[in-house]
Ligand code: ASP
């Protein structure tokens, strides 16, 4: 008899734990990986980054807390970072070798497996919103170049002249890159889990400093820079896009979870190890349906953070 009571209590505790896990919601973000060190940072700049990451997290969290969808949270969070000149996405995007700005973004809904993306856009103020419009208003996944800009305008999104994206700091980076000292960080990404247990992920970038005009990176490629499936996890990557495309990095994390039953942390760590072996640099953020988070990177730093309904709000920059 005593044995049965103990078994019943254990089963009850397991059930409670499972239910508690299903109530987990929150989000994880990155603002790019690269040679980001304390020595290269000044206190004002560090505070500005930490504050903007916090603002972005709070924006997305508020949506989730009110019962909003993970897709809404991802879009709103990324828009905050796109509008900030601190990051290489939207305003403050890096320059191409031709001195222009060409932006890439994508978004994916882990519940429906729908996805949308834009590549090489030059006039959409918030490329992440254009990516969402592609997902919701067309039967395509990826629109590129002038067609994508025209579509965004038709959809009523804010259109700006290409100079809107340009900042003096990024122009200086282009000049340095032309002299072979490229700075290549600041892409932004977000993975969110809502109260219904639905995952979504998105990524937005200006690409790599001094990239050839017309070059498209991993950020708008589903499975490379962005991926989300309720079956496994949501992922957003940042780093040298060519390696992410060749390695199908975002999907590799989900695949390892699905086929090898790895945890999100094990799978994310494994793709970063593969990336390192292949000579690539960067990082990823990933989150599973229980709110487990991974944020591995092989660079000196990665702007990153998460906010969970346990009340845990964390923002970090350097390797710790
Ligand atoms: N992955 C981006 C690209 O290659 C750049 C970055 O994340 O820094 O376009």
Please work out if residue 177 is buried (at least 17 other Cβ atoms within 10 Å of the Cβ) and either within 15 Å of the ligand (Cβ to nearest atom) or farther than 17 Å from residue 100 by Cα (or both).
yes
Which of the following residues is at pLDDT 85 or above, over 29 Å from residue 197 (Cα atoms), surrounded by fewer than 21 Cβ atoms within 10 Å (Cβ to Cβ) and in contact with a strand residue (DSSP E or B) (Cβ under 8 Å, 6 or more places away or on another chain): 54, 47, 35?
35
If you check residue 247 against the conditions, is it more than 10 Å from the ligand (Cβ to nearest atom), under 12 Å from the mean Cα position of the chain (by Cα) and either within 22 Å of residue 70 (Cα to Cα) or in contact (Cβ under 8 Å) with a residue 24 or more places away in the chain (or both)?
no
State which residue is nearest to residue 107 (Cα to Cα) when the search covers only the range 195-208 and only residues that are more than 9 Å from the ligand (Cβ to nearest atom) and crowded, with 24+ Cβ neighbours inside 10 Å.
202
Confirm whether residue 266 is without any contact (Cβ under 8 Å) to a residue 12 or more places away in the chain and touching a helix residue (DSSP H, G or I) at 6+ places or on another chain (Cβ under 8 Å).
yes
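Residues to consider are 97, 106, 70; find the one that is at pLDDT below 95 and in contact with a strand residue (DSSP E or B) (Cβ under 8 Å, 6 or more places away or on another chain).
97
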Given (1) within 12 Å of the ligand (Cβ to nearest atom); (2) crowded, with 24+ Cβ neighbours inside 10 Å; (3) free of Cβ contacts under 8 Å to residues at least 40 places away in the same chain, residue 254 misses just (1)
Quick check on the range 211-232: of everything there that is free of Cβ contacts under 8 Å to residues at least 60 places away in the same chain and either within 15 Å of the ligand (Cβ to nearest atom) or within 19 Å of residue 29 (Cβ to Cβ) (or both), which residue is surrounded by the fewest Cβ atoms within 10 Å (Cβ to Cβ)?
223
In the set 287, 295, which member is surrounded by fewer than 24 Cβ atoms within 10 Å (Cβ to Cβ) and in contact with a strand residue (DSSP E or B) (Cβ under 7 Å, 6 or more places away or on another chain)?
295
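The values are calculated or read from the model by the stated rules, or taken from the named source; none is laboratory data. Only a predicted model underlies this, so the values are computations on that prediction, with no experimental measurement involved. Positions of Cβ are generated from backbone atoms using ideal geometry, with glycine treated the same way; all protein chains shown enter the neighbour counts.
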